[in-house]
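**Student:** Here it is: the structure, laid out below.
The values are calculated or read from the model by the stated rules, or taken from the named source; none is laboratory data. If you're wondering where the values come from, they're calculated on a predicted model, not measured in any experiment. Note: ideal-geometry Cβ built from the backbone for every residue, glycine included; neighbour counts use all protein chains shown. Areas reflect the complete protein model, heavy atoms only, side chains present, ligands, DNA and RNA absent. Shrake-Rupley method; radii C 1.70, N 1.55, O 1.52, S 1.80 Å.
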Amino acid sequence: MKILIIDKQPHNELRDALKNYNVVLEHRTDWDKDIDPAGYCLVILCASGKEQLLKALENKNLPELNPVVISDYIDDRFITLCIKLGCKDIIRKPYNPEAAAQRLNCLIESIPAGESDSIVPVSNNSVCWSIEDYIKTEIKRANRGKTPLAFLLAGFLKNQVSPEDIKTAVDTFRTCLRDTDMAEYYKDFILIMLPYCGKAEIDAIRNKLEKSTAGYELYFYSTIKGKYYDAPMKNEKEVIFDAMEEEFRKGLGNARKSINKYF
């Protein structure tokens, strides 16, 4: 299998990491007329913004490209643009080569089965970008690619928390996480999703995040998606999150009682 990357930089570390999956990464600095997209599973476009991305995709047949974007410029609007243009995935720079290689390999495996249409579902010609869509997509990826997916929930022990405290805690988490991870305030707790993270890594990451926000009196609950693989589910996301929330809120309540007794 081959992937083509169009960029001024050669991305040698990503090329070496992809060899572990028998995937060859070919590099071109510009899009030449002699390039045949049909010869590649994915075409990676490195764009610093909207204009550069549109130029890279100009006069190209998007369904043939299976395009993936690597960029250091990512916000909600840029993500939405990539989705509308048919991009299969978006990777933020600077990225971890091993994690990016694993993600790209899972994406390659999903395409022949028709399971990957775009990074999030699209309906009625409009993009449905939301945290819910992102969660469902990552859970689906973990299932079909049989890759680990871990979750951390963090909740404030204080009953009254300012928006500034929430933002600061979330931003602090993000600085500690990898480019493939996600931290978002969701349903009165901070949700951290950790693709390609299993039992061996979850405790280390949890300890790191606990230390990074030691002054905020946060309660942490961690779990991995692997414990839910055995049971068939009609709505996998709801089953997982209902179970997670129940255990988390029970633990959060006990932690608050302990704090109150202490003081």
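**Student:** My understanding is that a pair violates if its Cα-Cα distance is over 29 Å; which of Lys140/Lys208; Lys208/Lys257; Lys167/Lys237; Lys2/Lys237; Lys55/Lys140 do that in this structure?
**Tutor:** Over 29 Å apart, Cα to Cα: Lys2/Lys237; Lys55/Lys140.
**Student:** Got a sec? What order do Tyr21, Tyr196 fall in by accessible area at 1.4 Å, biggest, i.e. largest, first?
**Tutor:** The most accessible residue leads, giving Tyr21, Tyr196.
**Student:** If packing is taken as the average count of other Cβ atoms within 10 Å, what order do 29-42, 151-164 fall into, highest mean first?
**Tutor:** 151-164, 29-42
**Student:** Right, here's the next one. Quick check: with the 1.4 Å probe, what order do Ile108, Ile131 take by accessible area, largest first?
**Tutor:** Ile131, Ile108
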